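The values are calculated or read from the model by the stated rules, or taken from the named source; none is laboratory data. Nothing here was measured: the structure is a model prediction, and the numbers come from that model. Here the Cβ is made from the backbone with ideal geometry for all residues, glycine too, and neighbour counts use every protein chain on show. For the accessible areas, the whole protein counts, side chains as well, though only heavy atoms, and no ligand, DNA or RNA atoms are used. Shrake-Rupley method; radii C 1.70, N 1.55, O 1.52, S 1.80 Å.
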Amino acid sequence: MIKSVEFKNKTGKMPSVEFRKYETNFLVAGTPDIFSNEEDDNAVITVISTYGEMFPNGNTDEKPYYFFRHTNGLTWDTRFVGFIELGDTPLEYQKGGHIDNLSVDNAKNPYYKKISDYPNEYYSLGTEEPYFEYQFTDTYAILKEGDFFDVKAEYFPFAVVDHSSIWNNVCPIYQTALLTGTYEGKPVLGLAHIDRSFKQHGNDKYELLGYIDNEFDGIREDGRRETAIIHIDTTTEKVFAYYWLEGEEPIVSDTVIMEAEWVRLPYCNDGTCIYKEAVYRFAGKEIHFTAKWGTKGFTAHPRLDKYGQSQVMGTWYEGKTPYKHKLYMTFNENQEAFDNHIEQLGFDVVDE
């Protein structure tokens, strides 16, 4: 049965988030000025996350490809990387893609360096072999992998700069972008995130415990852009949500109602669950999500060793009246999503 569960931020600290144009200083290999203070504990770069959905010829009636490169800050080695074909349903895992040929463990000479000061300041992240190079500026990024991926990511109007309201011990900078270019030699159009996370010095752990994490991005048919983040930490009871529609001011809340029924993943034998439909309500807004394609990590084979982790992608809209996006992207991931834990939160869990 579908049930509604309210999550309230119980940390005693209200969200501290800024919505501001991307700055070149965000790109430094260390601590950007915006986090150089006592409250943020001079947080230092710990992760660069680049991920997104690509639709063949921009056709959103087709299943998108999904890519994710997760790079460790300061050492600049790759934590994981994959370009995958998603499963055909929310309860199926990925069907392969460009993964093994990207050889994370044997990558040679990873680097992150400033390439140019004038006329545009930008930084380059990459490895010599297997070849990839991501170039970052304050308005766009260029992403290249081997001879199969070559795109430009043009930033949305602002970045979401968070002073540790979302992740524990971490200050992230989220940046949504419009993706244009080629994948496997064919034109693609999509949306992506060009994100960075900065770890606070006073904490040794980059904590990723139990959570329900949702990111929604879209371009409506009338051209207006919109984005949302809904993060529910089920371990520390930290809750954060925001929604923005072009032409309006961003809306922020630390209380979220989630309406869903969870389903046990049929290929897991550990009780890991996912939802096929969900509604999130906060600050007068409601976001409707419909799952369409599943995955279990971003590797050639499902990460069955990631117990309690579930991921699903799909379509979304805000409000009571459904509408289509010209382009859209979602990232929906859960940790500690075991059936007994989900039931303790107040949801029902079923089998299919």
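Miscellaneous remarks
- Where the Cα pairs of the chain fall when distances are cut into 20 Å bins, in %: 31, 63, 7
- Loop-located GluC sites (Glu not before Pro) in the range 49-91 (DSSP state not H, G, I, E or B) with no more than 10 neighbouring Cβ atoms inside 10 Å: Glu62.
- For Glu286, distant residues with modelled amide H under 5 Å away: Gly319
- Net charge over other residues, Cβ less than 11 angstrom from the Cβ of Asp138 (K, R count +1; D, E count -1): -1
- Accessible area of the range 295-352 belonging to carbon and sulfur atoms, whole % at 1.4 Å probe: 50
- A 1.4 Å probe run over the protein chains yields, for the chain, 41 Å² of accessible area per residue, whole-number rounding.
- Using θ = phi - 60° in the Karplus curve 6.51 cos²θ - 1.76 cosθ + 1.60, the 3J(HN,Hα) couplings for the range 153-165 round to 10, 9, 5, 5, x, 9, 9, 9, 9, 10, 9, 6, 8 Hz; x is entered for Gly and Pro.
- Computed over protein heavy atoms with a 1.4 Å probe, the carbon and sulfur contribution to the accessible area of the range 38-195 reaches 44%.
- Ellipticity at 222 nm from helices only: DSSP H runs of n ≥ 4 in the chain, each -39500 (n - 2.57), divided by the residue count, give -500 deg cm²/dmol.
- Spatial separation of Cα centroids for the range 298-352 and the range 75-146, in angstrom: 25
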